[in-house]
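First the structure, in the form of structure tokens, and then the observations on it.
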Amino acid sequence: MKIETIYDYEINGSLRAKLQYLLTECFTEDYPKERIYFKQLPQFRFIATDDKNELVGQVGLDYRIMNLNGKPIRVLGIIDLCVSKNQRSQGIGSLLLSKIDEFCKEKSVDFLLLFADNKKLYVNAGFKSVNNECTWLKIDHKNQSTYGIGHEKINELMIKEIGNIKWEDGKIDLLGYLY
């Protein structure tokens, strides 16, 4: 298994087609068939390939400042982590999460943040569910347009403390779109 870092602006036609196939295979029918992101391009990805150089998993990553109870925090957001259906339960998702942990060492990252329907993989990797009131930029993913600001608690919100700052209950302003 090989895991590479790739910046989205470097993705070529062949890899783009493989990513489109993987993402639409792994996520609901609502996932856009013509692109390799749901609402917004990640800044970079880790892609996992097998010994035949076939794409078997990927995760998008987005680094930004967010506001936790009035204080800026540095967050690396985890977007669309997925593993090919015929390669699941072989540790690839855990390997991608380990790669993210390794990447964060010696970097200015306070928290990893994600939204997950199925939390088991993330709990096993040290993430915890949090119960914060969220504010974010609402994006219509079909029309690729902004249509408002969202405010609510989101049960799928999970974090992992990476730096020296402790997570607090209260309000989290994503200062951008919802992953």
Working only within the stretch 71-86, note down all residues that are in contact (Cβ under 8 Å) with a residue 60 or more places away in the chain and not in a strand (DSSP E or B). Ser84, Lys85
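Specify the residue that is nearest to Leu22 (Cα to Cα); the eligible residues are those in the stretch 71-86 that are of a type outside the set (A, V, I, L, M, F, W, C) and open to solvent by less than 60 Å² (accessible area, probe 1.4 Å).
We begin by selecting, within the stretch 71-86, every residue of a type outside the set (A, V, I, L, M, F, W, C); these are 71-72, 74, 77, 80, 84-86.
Keeping just the survivors that are open to solvent by less than 60 Å² (accessible area, probe 1.4 Å) gives 77, 80, 84.
Numbers: Gly77: 20, Asp80: 10, Ser84: 6 Å.
Checked the stretch 71-86; the qualifying residue nearest to Leu22 (Cα to Cα) is Ser84.
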Taking the stretch 45-69 only, how many residues are within 23 Å of Ile159 (Cβ to Cβ) and open to solvent by 20 Å² or more (accessible area, probe 1.4 Å)? 5
Counting only residues that are among the hydroxyl-bearing types (Ser, Thr, Tyr) and assigned to a strand (DSSP E or B), how many does the stretch 1-33 have? 2
Considering only the stretch 90-147, how many residues are of a type in the set (S, T, N, Q), assigned to a strand (DSSP E or B) and touching a Lys or Arg at 6+ places or on another chain (Cβ under 8 Å)? 3
Subset of the stretch 79-104 [at pLDDT 95 or above and over 21 Å from Met66 (Cβ atoms)]: Cys82, Val83, Ser84, Ile92, Gly93, Ser94, Leu95, Leu96, Ser98, Lys99, Glu102
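Each row is one residue, and each column tells you yes or no for (1) among the aliphatic types (A, V, I, L, M); (2) under 16 Å from the mean Cα position of the chain (by Cα); (3) surrounded by fewer than 18 Cβ atoms within 10 Å (Cβ to Cβ).
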| residue | (1), (2), (3) |
| --- | --- |
| Asp101 | no, yes, yes |
| Lys107 | no, no, yes |
| Leu113 | yes, yes, no |
| Gly126 | no, yes, yes |
Complete set of residues in the stretch 136-179 that are open to solvent by 90 Å² or more (accessible area, probe 1.4 Å) and closer than 17 Å to Val75 by Cα: Asn164, Lys166, Asp169, Lys171, Leu175
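The values are calculated or read from the model by the stated rules, or taken from the named source; none is laboratory data. The shown structure was predicted, so the numbers you read here are calculated from the model rather than taken from an experiment. Because the Cβ atoms are built from the backbone with ideal geometry, glycine has one as well, and the counts that use them run over all protein chains shown. The accessibility values were calculated without ligands, DNA or RNA, using every heavy atom of the protein model including side chains. Shrake-Rupley method; radii C 1.70, N 1.55, O 1.52, S 1.80 Å.
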